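The values are calculated or read from the model by the stated rules, or taken from the named source; none is laboratory data. Just so it is clear, the model here is predicted, and its values are computed rather than measured. Methodologically, a virtual Cβ is constructed for each residue, glycine included, from the backbone with ideal geometry; neighbour enumeration extends over all protein chains shown. All accessible areas refer to the heavy atoms of the entire protein, side chains included, with ligands and DNA or RNA removed. Shrake-Rupley method; radii C 1.70, N 1.55, O 1.52, S 1.80 Å.
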Amino acid sequence: MKKFYIMNGQNQQGPLDIEQLKQINIKKDTPIWYEGIENWTTAEKVEDLKSILPSNTVPPKYEIPSQTNISNQPPIFKNQEEPIKKIVDSQQSNTNEIKSVPKSNIKRNLIIIGVLLFGALLLFMASSNSNDDYSTSENPEASAAESADANYEVISAAYEKENANSALTQKNMNYRNNFQKYLTLSRNQFEYSELGGIYNLEITFTNNTDYVINNANVQVGYIQENGEYFKTEELQFANIQPNTQETLRAPDSERGLNVDYQFSEVYSKKLHFYYPSNSGNEADPYFYK
């Protein structure tokens, strides 16, 4: 059975069934809600409650019929044709007046209107041309100032671009000439045997530039107790991203007590850098296109 909630003034009552609603004599405008609707409504809009709502239907006010005067004389006859005849005569008179306007007057009026419109058009065109001429010549000093400002902006932009290019060139030259500072090598604490032999050696390459190093070859030397090399190996690093590092494991060696390592070749396309080439330019020897 459906349950209802009502608002009685500021108080909410419910849940109530139909019989309980009937006992408290709800009205048509009583706010009501029940499960299945989103917002409150009034009782008169709920189909299930129409049978318990009070009816406001009342009969219309009774009025005594008025007595009409009954006469034994017939009413006065009015001729209905006379008004119609007057209207027709009036329309014919207006038509005759229109027809009586001379054609010469109509033609003259049209010519006058055409001349006035043409003159207005000429005045409008002359005014537009005058405003255009004034706008282009009213302030030549302002036009010259605007042109000077535009030229200054172009020159400033070109100067800034040149300075930026110059700063970038100096920065890249510094990378190339001091690559040992920005491209570094390090090793881990490898294992070695007392009888000789090096194991688990790792070499780390660090790229502290703003450019990709396309490839870097590192020569690793395994040094014996007498200071001579037992052998050398080469590690190849590829595509080391800017400001990152990469570690490679070096081959183990059956002989040797210590190692050394150094770059044998380094190349960066974006940096225009290649070691150990010599460009012939003393100021920038490792520049490479």
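The sole residue among Lys231, Lys289 that is without any contact (Cβ under 8 Å) to a residue 60 or more places away in the chain and assigned to a loop (DSSP other than H, G, I, E, B) is Lys289.
I'm checking my understanding of the structure. Among residues of the stretch 153-181 that are over 30 Å from Ser253 (Cβ atoms) and in contact with a strand residue (DSSP E or B) (Cβ under 9 Å, 6 or more places away or on another chain), which one is most open to solvent (accessible area, probe 1.4 Å)? Out of the qualifying residues, it is Met173. Within the stretch 14-40, being loosely packed, with under 14 Cβ neighbours inside 10 Å and not acidic (Asp, Glu) holds for Pro15, Gln23, Ile24, Asn25, Lys27, Gly36, Ile37, Asn39, Trp40. Annotation note: Cβ proximity below 6 Å between a residue of the stretch 19-44 that is of a type in the set (Asp, Glu) and a residue that is at pLDDT 90 or above (sequence gap 6+ or interchain) occurs for Asp29/Thr42.
Selection within the stretch 224-256: residues that are in contact with a Phe, Trp or Tyr (Cβ under 6 Å, 6 or more places away or on another chain) and over 30 Å from Met173 (Cβ atoms). The member of this set that is surrounded by the fewest Cβ atoms within 10 Å (Cβ to Cβ) is Lys231. Taking the conditions (1) open to solvent by 60 Å² or more (accessible area, probe 1.4 Å); (2) closer than 15 Å to Gly256 by Cβ; (3) in a loop (DSSP other than H, G, I, E, B) in turn, Gly196 satisfies each one other than (1). Within the option set Ile64, Ile6, Ile52, being out of contact with any Cys (no Cβ under 7 Å at 6 or more places or on another chain), aliphatic (A, V, I, L, M) and either modelled with pLDDT of 85 or more or not in a loop (DSSP other than H, G, I, E, B) (or both) holds for one residue only, Ile6.
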